[in-house]
1. Could you pull the accessible area for Lys103 with a 1.4 Å probe, rounded to 10 Å²?
2. Return the long-range amide H neighbours of Arg165 (sequence gap of 5 or more, or a different chain), with a cut-off of under 5 Å between placed amide H atoms.
3. Provide the FRET efficiency to the nearest 0.05 for the Lys100-Asp75 pair, computing r from the beta carbons and using R0 = 35 Å.
4. In whole Hz and in residue order, list the ³J(HN,Hα) couplings for region 282-289 that follow from phi through the Karplus curve 6.51 cos²θ - 1.76 cosθ + 1.60, θ = phi - 60°; x for Gly and Pro.
5. Taking amide H positions as placed in the peptide plane 1.01 Å from N, state which residues far from Ala220 in sequence (5 or more) or on other chains have amide H under 5 Å from it.
6. For Leu172, which sequence-distant residues (separation of 5 or more, or a different chain) have an amide H within less than 5 Å of its own amide H, given hydrogens modelled in the peptide plane?
7. Step through the residues of region 123-134 one at a time and calculate ³J(HN,Hα) from phi using the Karplus curve (6.51 cos²θ - 1.76 cosθ + 1.60, θ = phi - 60°), rounding each to whole Hz and writing x for Gly and Pro.
8. Calculate the FRET efficiency for Glu82 and Ala266 from the Cβ-Cβ distance with a Förster distance of 30 Å, rounded to the nearest 0.05.
Amino acid sequence: MPTNEQRRATAKRKLERQLERRAHRARRRRMLTIAGSIGGVVILVAAGVFAVVSLNGDSDSTAAPSGETTDPGLDGVPGLPEFTAKSGSVSCSYPASDKKAVKDVEPPKTQDGKVPTEPATVSMSMMTDQGPVGLMLDNGKSPCTVNSFISLAQQNFFKDTPCHRLTTAPTLRVLQCGDPGGDGKGGPGYEFANEYPTDEYEAGDPALQRPVVYPRGTLAMANSGPDTNGSQFFLVYGGSQLPPNYTVFGTIQDDGLETLDKIADAGVADGTTDGAPKTPVTIESVLLD
């Protein structure tokens, strides 16, 4: 059992690492502010990537630590920002979307407009016809998103739903699912606001348009613009470069990464790097553990 002195030393090292990461981000922000012309190019690139994961786009076994990746093409790109813990409960709303629901479902329930942030994590099992995908939902970081995902799962919204899109580019490696219609345009008939990491930035912060690394093992929401989350989500099987406008709401367990690697290894059906997976994937069930 570690001694008090050892625990204090461990805590000190952790704090030093956190301070070092914060200083690095601050230096990077200053450099990007000075190099305005370069920043403009980065924003244009990021905007192109944004379209890739949108709902209406032409359409290691664990996640790497923030800021670290062994994936090609991602060196020098910062990781996801540090999380500011929420406590108690948060306000969540699920207004009607202008898109008709693909399947009839009720909007997620709240307690007087609030959703609790405890328990901090929720375990779920997603079974596909290509194998299991264990998920650990991060209710502490993105409770409104987790509340919606669980609600849709309990209403069998995802049952017999195809994963319609696979990307295999060096800087974008995801499997996108959650549209029962299978064309990347469907949703549940309601939408809700972005959470982590978007909520770690001030509104209008230029950093929201600059890429960060979504590490292998990340579970995140697809969207068609700010605060248009619905039912579509993507599973990151390899570090991916995206602006921080996609809500991270969990991680993928080891069994899920093995399943995703198998699907990705088969490639995209038309031989490109973005399209329907060559190995068709259907979600059979999503259940609370």
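The values are calculated or read from the model by the stated rules, or taken from the named source; none is laboratory data. This one's a predicted model, so the numbers in the text were calculated from it and none came from an experiment. In this analysis, Cβ positions are derived from the backbone assuming ideal geometry, glycine residues included, and neighbour counts consider all displayed protein chains. With ligands, DNA and RNA removed, areas are computed over all heavy atoms of the protein, side chains included. Shrake-Rupley method; radii C 1.70, N 1.55, O 1.52, S 1.80 Å.
1. 60 Å²
2. Gln176
3. 0.20
4. Couplings: 10, 7, 8, 6, 9, 10, 5, 7 Hz.
5. Phe234, Val236, Phe249
6. Gln241
7. 8, 9, 10, 9, 9, 10, 6, 9, x, x, 9, x
8. 0.25
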